[in-house]
Structures are given as structure tokens and as C-alpha cells.
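Take a look at the structure set out below.
The values are calculated or read from the model by the stated rules, or taken from the named source; none is laboratory data. Note that the structure is predicted; figures quoted are calculated from it, not measured. Here the Cβ is made from the backbone with ideal geometry for all residues, glycine too, and neighbour counts use every protein chain on show.
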Amino acid sequence: MRTIITTLVLLAFSLTAFAHRGSMRGTIFDGNGRKPLEGVSIFIKDGSHSAITDALGKFFIKGIEPGRHTVLLTHLGYENITAVVKIEDEVTTDVSYNVQSATVQMSAVSVNAKRDLNFSSISALDTKQRPVNSTQDMLRLIPGLFIAQHQGGGKAEQIFLRGFDCDHGTDINVSIDNMPVNMVSHAHGQGFADAHFIIPESVQGVEFGKGPYQIDKGNMNTAGFVAFKTKTDIENSFVKAEGGTFGYFRSVAGLQLLSKDGNAGGHQDAYVMGEYGYNRSYFDQSQNFNRLNLMGKYTNYVGANKILTLTLSGFHSSWDASGQIPTRAVDEGIVGLYGGMDPEGGVTSRYNMNLQYFQSINTNSYFKSNFYLTSYSFNLYSDFTYFLEDSVQGDQIRQAENRVIAVYNSEYSSSYNIGKLKTKSQFGLGVRYDAVKDDELTHTMAKTIVINPIELGDVHETNLYSYFNHSFFLTPQLVVNLGARYDYFIQQYDNRLLADRPRYTFNNGKLSPKAGAYYNFSDNARLYYSYGTGFHTNDTRTQALGRQLGSDVIIRNTIPGAFGHDLGLVVKPAKGLLLSGALWLLDMQQEYTYVSDVAVIDSGGKTRRCGFDLSARYQLNKWFYFDVDLNYSHGRYTDLSAGANFIALAPNFTSIGGITYTYNKSLSASMRYQHISNRPANSDNSLTALGYTVCDAVINYSRPHYEFGAQVQNMFNVKWREAQFATETRLKYPNGTIENQRISDVCYTPGTPFFLKLSATYKF
């Protein structure tokens, strides 16, 4: 390996050592507001030079051959710009461009860009053409990612990705504006990622990655990550109202408070946004779902080199729910398809302050950081087993907590030359502290009556981390990345069920090396390979105790690793066609998962998952746009015998796709589908979680000052199961008798039937 790298470095030297070169430095602005535009791709075909604008809209390209060069600027959602720039020997040429907004243009996709290419920006562009009622619906835009809700929208969704049942966030890292959404050691599950506090209209875009390869994503980044980014400003102030079947109502308003240029060339933006939603829903028992969101964001471009951003947000939600129902209860007529066995519900809130800072130090380096505080509360009532454990009062449980989170992140990035070799380094450093008071699991009846406290205590969890990544641009086409991340955890638990309230402590660390390489074939194709390790920690309560709750079963105090490989190809064979494919493999050292409903860690064993992802994007003309994603995975426990080694609920084949029609920026329509195949519900595949195919449609008509829309979900009124679990239960019959034996079958929450939503927006 050392010989190969040495040869490549010498080759790079030989190609550049005797050549004369110039440079180009520039800034790209949003043509509508003269504000810097981040993420624009700049490509010089002669010599295959490329760059991406930073948060200040700046870019810098070195080593360009003297002469006249054609420069292509592309950014999804904006018009392409082609310009001719004259480069002189040993001279830095300064340029500046304004780009105008536009509809979807596949010609704006640049394969040869100095960043990881993904399709998230393509998907996030057309949220208006897709049925999006919440931020969770935006997750469905990510190829291969499926979600399931079994509390009517009240708690975090169950997430499936790359053969993982990620539960509510255990194996997927979710963030917004570099602020983690995941809650560690949560009362309802490790990594709980409730993103309902995000207002969909505030989201500028969504980035995602599959596998444990992203250097700045630590805990929970095994199957992948999702990163939301909010807008710095809103183009128009607006008021929006939505109404639909089953008592659905939602209103949103956004007001641009400030947009002005400063005396020193800076710019300031500020806006506020609010959302209120109510939903009775389609269940026999009213869901009574109420959600209130408020947020405000202030951005100050301090001079030409600094950006300071402050975001404040608040969220409160309450709901009732029918919960999941056993298959046999429906088959035997004990309960209807949309009925419930034991009423459930909850209340939750979250308040955030996020302060972000970005500074361009020079044309080659920048520093960014953010500090955030979160105050959070959660109270949930559930009953999954009915009369399995308590044949008199039933098995209802309460899970609750109150939490404060404080986090600081920072990163320094610099591009420089080692001799004639171009390189780029990233250094990151941060700390996260979670203080959880009254982390509770209680056996209850009728929500308010306490039968038996199972677990009650305070959690203190600290995560210290740092990372380093280095990129070697061996040639303009070939780039190699090498990096590593180290996380150190201090997990403490105060057991409040014991009179002396003892404190238990568990300290451990995890090193996560990562590497990758890609080769660009002109601007039409990229071949890449990624290797990375990731992990998810487990609940502090059990880790700190070192044993299962109420038993002598020892838990090995380790952080199991995930080891991933991706080999992929992205190709653009025609102007309007983009294809991608990837083969992947992911090994888990141990499938440790925290089962919050009984407060124990389930150690399933070692697993191996492998599969492929295929995606196609095709713009036939300026009116029609097609997309399709196919995702296959095969997963098994490797230390269990064949036939008993299935991974419960692991998806094996999923697909999403659709067609979008856009006319003259005013009229747009889309039809889409989502499909997931049957999959094992338990380890011996004796129970099956049924697959489904659901189709949606949406149409929007937009003018400068108003917009109307209509959406249909499940347009063919398919009866489908959203959340599904193999669960052992005992039921009470209508005559009051209890089943005399424990029975395992699939318990599920029925999916949304035909749903119609109308919306109207006034912009001013």
C-alpha cells in the first residue's frame, strides 16, 4: 500500500513540478438578495479543476494553467452560469457572480465537485411537489429510508435504513444546523430522535449519508446520518393554512423582520416562524393531537469574513393514541382495524438556543463553531402487552424525563500544499453534556395511578470528542481521504429508588478510523470507495450498573463497533440523466440495543449486512422530471444457526420514486410511490411484517403573492400496516375474561387511509 501511495505522489509531482500556474478567487451571490450563496459548484473543464463555495459564498482554485478558460457555475435551484475567465501566470484573478433562482435542472448537477456527492439536495428541492406535512415526511425523501409512527405523530418515528431497524434513532445520527436531535439514555429508547420541533417551511435543505463514514458524526452514526439545515432568510413573509380529512388542520406563518446591508459591507437577516397543528386522525378514538412550534433566526454577516447566527425555538405537543393492536384481536373481532386496546398518549416539549459562528481566515482556511442549550421534557403512556404481566390492572407503563443539554462543537479546515501536492485538513473538537432528571419507568393504571416504580434516577452523560481528516489531491481527478475520530464517554447514574441514592459510573472510549478515495472521469462520472467505523452507545442506566435491571446478568461495558465498506459509481451519461449505484457491507460487533419498556439491554450477537443501492434521476425536458431509488439489503446474525438468525424487522427491499411536472414556475404536479417488501418480524421468520405499496399525489399553483395546493396520500386507499412488532401479549375479551396463555403475533398500527389535504398561502 505504501508503494502505491508513493507512486501516486511522485506521479502528482511529475505532473505539476515544472508547470506554470495561476489562481482564481471569487464570490457567488444570490442574485435576488446580494447575499453570499453556499454550496455552488465551480468547474473548469480544462484541467478538471473544481471547487465549492463556503458559507460566505467564497471559493479559491489554485494551479490553473494560464490562458482563457470556460468556467461553469451550477447550483440546484439556480440557473447555470457559463463564463470565460483569463488566467495569467503567477496571478490571482478575482471574479464575482450573481445567480438567479430556477426550477429543477439536472444540468446543474456536477459530478466532479470537491465534496461527497449525494442526492439529498435534489430531493429537498421539490418539497412543494411532494406530500410533506411534517419534518418527518422530509425523511421519506431520502433514498432507502422509511419511517413508521405508532403514536399518531406524538413521539419520534421508528426509522429503517440499510437493513437496520434504527428504532427511534439508535442507529442513525440526526441533526439540524449542527445541533444533535438524538437524545442519549432517553426514557423511551437510546438515541431518541424526535424532530417534530422543526418547522418544514424553515428547512433549506437536507444532507444525508449512508454508512459510518462522516467524520464529524459520532454517536448513532452506523446506518447513516441526516442533517437538516434551516434558511438564513425567507424570500417572502407568508401566512399558510391547511385543512384535510379526519379533522386535520395546520397553520403556519413566517415574518421577515430584518434584511439590510451594513456600512462595512455586511448584511443582516432575521425572521420568525410559527406553526400550530391539530389532528383528530382516522382512529376510532380521537387522537387530539396538538402541536405548537415557534422559532426565530438572526444572521449577521459581520464584514466580509464572519457570520454570526442565533436561532431560538420552542415546541410543545400533546396527544392521545390508540396504540398498536394484535393481529388476532382484529381477526377475532375483539377490536376494529382502527380501534385500540388500551388508550395511550403523552406530552412533550423542547426549547433550543443555538449560537453559530463561521470565520473565513483566508482564501484557504476557515473556522466554525456552535454552542447550544436545550431544555426538554417527555411524558409517555403506553401498553404493548396488555395483561401479560398483570392480569388485574394491566401492563400500562409511564416513561418520563426532564433533560438539559449543553454542547460545544468546533472545526478548523485548511487547504495547503505539501511541495506541489494539494492537501486539505479538518480538525474538530467538541463536548456534549446531558443532565437527565427523573429518568423514569413506572407501571401505572389509568395514567395517573402508580402501581409499581420500576426504575427512577438521574443520568449525567458527558461525551468528549475530537477528529482529524486529511485529503490528498493526488491528481485533479484522484483524491484520497484518511481520518479518525475519538469519543470518550463518562456515564453516571444516580439510583433514586434506593434510600442512599448511590452513584454508578462507567467510563469508556472509542476510536473510529475512516478512509476513502474517489476518481473523477472528467465531469461525467465518479468512482469511489469508502471505509469507516462507527458505533452507538447504550443507555447509561444499565451501562453504569454493569448488569441488567433486577438481575445478576452482567453487561460487558463496551461500545461495539460498526465496520462499513462502500464501493460506488456516479455517472452522468447525458445532460438530463444522473445514475448512481453502490455495493455495501456493514458488520456490527454486537447488536446491543436498549429495550426501554423493560429497562434491559438486548445483546443479540454479531451481525453482517450487505446490499446495493441504485438511483436514477432523469429530466426529460423542462417540464418532466423522473426519479427512482431501489435499495436491497441482506442481514443475518453471524453467530446463530441458520433459520434462527434473521434480524427482526430489518428491511430487505425498498423503493421510492415518482414523476414531477412543472410548467412555467407556476404549476407543478407530482405522483409518487413508496414500497417496502415483506420482512421477518422475529429471528426465526415464523412471523412476518407485511410490506406495502402506497401512492401519493400533489398539485400546486403558485403566483408571486399567493399559492394553492392539494395533496392526496394513499390515493388508492390501500389498507397497510405502518408500525409492526412481534410481541408476546395476553388479551382481555369483551366478556372480561383473560387469555389463559401468552401468545406471540404481529402487533401493528394501521397506516393512513385515503387522505386529502388542501392548502392556501398568502405571501407579502
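Counting only residues that are in contact with a Cys (Cβ under 8 Å, 6 or more places away or on another chain) and in contact (Cβ under 8 Å) with a residue 40 or more places away in the chain, the stretch 716-725 holds 2 of them. Beta carbons closer than 8 Å, at least 6 apart along the sequence or on distinct chains, pair a first residue in the stretch 697-714 that is touching a residue at least 60 places away in the same chain (Cβ under 8 Å) and more than 21 Å from residue 253 (Cβ to Cβ) with a second that is of a type in the set (Phe, Trp, Tyr) and in a strand (DSSP E or B) for 712/755; 713/755.
Do the conditions hold for residue 168, that is, is it within 18 Å of residue 222 (Cα to Cα) and modelled with pLDDT of 75 or more? For residue 168, the condition - within 18 Å of residue 222 (Cα to Cα) and modelled with pLDDT of 75 or more - is met.
Restrict the check to the stretch 490-497 and report whether at least one residue is buried (at least 16 other Cβ atoms within 10 Å of the Cβ), under 25 Å from residue 529 (Cα atoms) and of a type in the set (Ser, Thr, Tyr). No, that holds for no residue. Here residue 234 meets the list (1) in a loop (DSSP other than H, G, I, E, B); (2) touching a residue at least 60 places away in the same chain (Cβ under 8 Å); (3) of a type in the set (Val, Ile, Thr); (4) more than 21 Å from residue 371 (Cβ to Cβ) almost entirely, failing just condition (2).
Taking the stretch 295-350 as the search range and keeping residues that are aliphatic (A, V, I, L, M) and assigned to a loop (DSSP other than H, G, I, E, B), which one is farthest from the chain's Cα centre (by Cα)? If we take residues in the stretch 295-350 being aliphatic (A, V, I, L, M) and assigned to a loop (DSSP other than H, G, I, E, B), then 334 is farthest from the chain's Cα centre (by Cα). Looking across the stretch 503-518 at every residue that is out of contact with any Lys or Arg (no Cβ under 7 Å at 6 or more places or on another chain) and among the hydroxyl-bearing types (Ser, Thr, Tyr), the one that is farthest from residue 463 (Cα to Cα) is identified as 504.
Tell me yes or no: at least one residue of the stretch 504-517 is assigned to a loop (DSSP other than H, G, I, E, B), of a type outside the set (Ser, Thr, Tyr), surrounded by 16 or more Cβ atoms within 10 Å (Cβ to Cβ) and touching a residue at least 24 places away in the same chain (Cβ under 8 Å). Scanning the stretch 504-517 turns up no residue that is assigned to a loop (DSSP other than H, G, I, E, B), of a type outside the set (Ser, Thr, Tyr), surrounded by 16 or more Cβ atoms within 10 Å (Cβ to Cβ) and touching a residue at least 24 places away in the same chain (Cβ under 8 Å).
Each row is one residue, and each column tells you yes or no for (1) crowded, with 20+ Cβ neighbours inside 10 Å; (2) touching a helix residue (DSSP H, G or I) at 6+ places or on another chain (Cβ under 8 Å).
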{"site": "222", "(1), (2)": "yes, no"}
{"site": "226", "(1), (2)": "yes, yes"}
{"site": "243", "(1), (2)": "no, no"}
{"site": "261", "(1), (2)": "no, no"}
{"site": "277", "(1), (2)": "yes, no"}
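Just one of the listed residues (313, 365) is surrounded by fewer than 21 Cβ atoms within 10 Å (Cβ to Cβ), assigned by TED's automatic domain parsing to the domain that holds residue 281 and either aliphatic (A, V, I, L, M) or over 23 Å from residue 747 (Cβ atoms) (or both), and it is 365. Being under 30 Å from residue 51 (Cβ atoms), surrounded by fewer than 16 Cβ atoms within 10 Å (Cβ to Cβ), of a type in the set (S, T, N, Q) and touching a Lys or Arg at 6+ places or on another chain (Cβ under 8 Å) holds for only one residue in 425, 410, 471, 414, and it is 414. The C-beta contact set for the stretch 46-58 (first residue in the same structural domain as residue 70 (by TED's automatic domain parsing) and closer than 14 Å to residue 74 by Cα, second residue in a loop (DSSP other than H, G, I, E, B) and modelled with pLDDT of 85 or more, distance under 6 angstrom, 6+ apart or interchain) comprises 53/38; 53/40; 57/37. Given the criteria under 30 Å from residue 615 (Cβ atoms), at pLDDT 80 or above and surrounded by 19 or more Cβ atoms within 10 Å (Cβ to Cβ), does residue 79 qualify? No. Can we say residue 252 is β-branched (Val, Ile, Thr), surrounded by 14 or more Cβ atoms within 10 Å (Cβ to Cβ), in contact with a Ser or Thr (Cβ under 8 Å, 6 or more places away or on another chain) and in the same structural domain as residue 310 (by TED's automatic domain parsing)? No.
Within the stretch 591-610, can one find any residue that is touching a Phe, Trp or Tyr at 6+ places or on another chain (Cβ under 9 Å), assigned by TED's automatic domain parsing to the domain that holds residue 561, surrounded by fewer than 16 Cβ atoms within 10 Å (Cβ to Cβ) and closer than 22 Å to residue 723 by Cβ? Yes, the stretch 591-610 contains a residue that is touching a Phe, Trp or Tyr at 6+ places or on another chain (Cβ under 9 Å), assigned by TED's automatic domain parsing to the domain that holds residue 561, surrounded by fewer than 16 Cβ atoms within 10 Å (Cβ to Cβ) and closer than 22 Å to residue 723 by Cβ. Taken over the stretch 518-540, the criterion of being more than 22 Å from residue 586 (Cβ to Cβ) and in a strand (DSSP E or B) is satisfied by 519, 520, 521, 525.
Looking only at residues of the stretch 350-394 that are aliphatic (A, V, I, L, M) and touching a residue at least 60 places away in the same chain (Cβ under 8 Å), we find that the one that is nearest to residue 425 (Cα to Cα) is 380. Looking at (1) free of Cβ contacts under 8 Å to residues at least 60 places away in the same chain; (2) polar (S, T, N, Q); (3) within 26 Å of residue 412 (Cβ to Cβ); (4) buried (at least 18 other Cβ atoms within 10 Å of the Cβ), which one does residue 533 not meet, given that it meets all the others? All conditions pass for residue 533, except number (1). Checked against (1) in contact (Cβ under 8 Å) with a residue 40 or more places away in the chain; (2) surrounded by fewer than 18 Cβ atoms within 10 Å (Cβ to Cβ); (3) under 18 Å from residue 183 (Cβ atoms); (4) among the β-branched types (Val, Ile, Thr), residue 347 meets all criteria but (1).
Is it fair to say residue 131 is assigned to a loop (DSSP other than H, G, I, E, B), modelled with pLDDT of 80 or more and not assigned by TED's automatic domain parsing to the domain that holds residue 649? No. I'd like to check something: does the stretch 461-483 contain any residue that is among the aliphatic types (A, V, I, L, M), assigned to a loop (DSSP other than H, G, I, E, B), in the same structural domain as residue 563 (by TED's automatic domain parsing) and touching a helix residue (DSSP H, G or I) at 6+ places or on another chain (Cβ under 7 Å)? Yes: the stretch 461-483 contains one or more residues that are among the aliphatic types (A, V, I, L, M), assigned to a loop (DSSP other than H, G, I, E, B), in the same structural domain as residue 563 (by TED's automatic domain parsing) and touching a helix residue (DSSP H, G or I) at 6+ places or on another chain (Cβ under 7 Å). Condition check for residue 463 on (1) within 30 Å of the chain's Cα centre (by Cα); (2) within 26 Å of residue 380 (Cα to Cα); (3) of a type outside the set (D, E, K, R): one failure, at (2).
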